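Working notes, beginning with the structure itself.
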Amino acid sequence: MIWSERSWAELPHDLQQVGNAAILPVGATEQHGPHLGTGVDAVLADRLCAEVARRTKVPMLPPLPYGCSLGHSRRWAGTLAVQPVTLINFVKDIGDWAYHSGVRRLFIVNTHVTNAAPLRCALEMLRSEHDDLMVALFNSATLSPRVRAAHFSDGEDWHANDAETSMMLAVAPELVREALIATADDPDRTEGLVFSHPVNRTSTNGVTGTPSKATVENGRLWFSWMVEDLASLIQRGVAETPPLDHSYFA
């Protein structure tokens, strides 16, 4: 159920079978410490949503590999960030075109923390313009209590940590520099702070957490949790209707 592999003659039937629903994965391209490739978030968005699309039969739109990564600064090479307003407008445009292709339930799946605010803005714009379009925003690290616990176990401001490293070992080992994992740990320095500081002022190497604890086994388990919990949410959404059938415009 990969949108880009389907033809214009096939997509209307695909959508009709699943309540006119589609999945939009949104990732990022940014530094992930010395031990991980810059495509972690983009790869996770792609692999996670592709597996969920396979299970649920809900078509997956092409994933977005760029996100709002401004907080990672220019201290380390590799980050390719877009402005929040750029991401808002881009996702709004995609949503508009998806709507005109027949989508009436749009599930935005975000795998980069600071995409959340721009994506929420795009959600507000889409549903206020299209009266019969429902939009959901899921942030991958908080899909469920068990998924959240795995991500936040080594820091509230985690990044390139145990969870991300474990999952890349499991689903995209080509992104992992295993020889560098043992020395990549860097603590969370954000506890008790008033301001939200960019990563250049909170991390020495772009990492927050303990990637040295990463294992393939944990990565497989945690990724399977994400697939199961996201698939469950989407299946519920495919069957959901608004509590009240009142027009936005009147």
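Throughout, read-outs are computed from the coordinates displayed, never taken from laboratory work. Worth saying up front: this structure is predicted, and the values here are computed from it rather than measured. Methodologically, a virtual Cβ is constructed for each residue, glycine included, from the backbone with ideal geometry; neighbour enumeration extends over all protein chains shown.
Quick rundown of the values:
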read-out	value
For the chain, built as a Gaussian network whose Cα springs stay under 10 Å, the top-fluctuating residue of Ser196, Ser144, Ser73	Ser196
Cβ-defined net charge surrounding Asp41, 12 Å radius [Lys, Arg +1; Asp, Glu -1]	-2
DSSP beta bridges in the chain [antiparallel fraction, %, rounded to 5]	20
Cα Rg over Rh - region 87-174, Kirkwood	1.07
Ratio of the Cα radius of gyration of region 105-250 to 2.2 N^0.38 Å, where N counts its residues	1.25
Most fluctuating residue given options Pro65, Pro84, Pro12, as computed from a GNM of the chain linking Cα atoms under 10 Å	Pro12
Dipole moment magnitude, nearest 20 debye, region 68-195 about Cα centre, only Lys, Arg, Asp, Glu C-beta charged	260
Directionally averaged shadow of region 29-76, computed from the convex hull of its alpha-carbon atoms, nm²	3.8
Helical contribution to [θ] at 222 nm, DSSP H n ≥ 4, -39,500 (n - 2.57), averaged over the chain, rounded to 500	-12500 deg cm²/dmol
Square roots of five times the Cα gyration tensor eigenvalues for region 33-146, Å	25, 18, 12
More than 32 angstrom apart: percent of Cα pairs within the chain	22
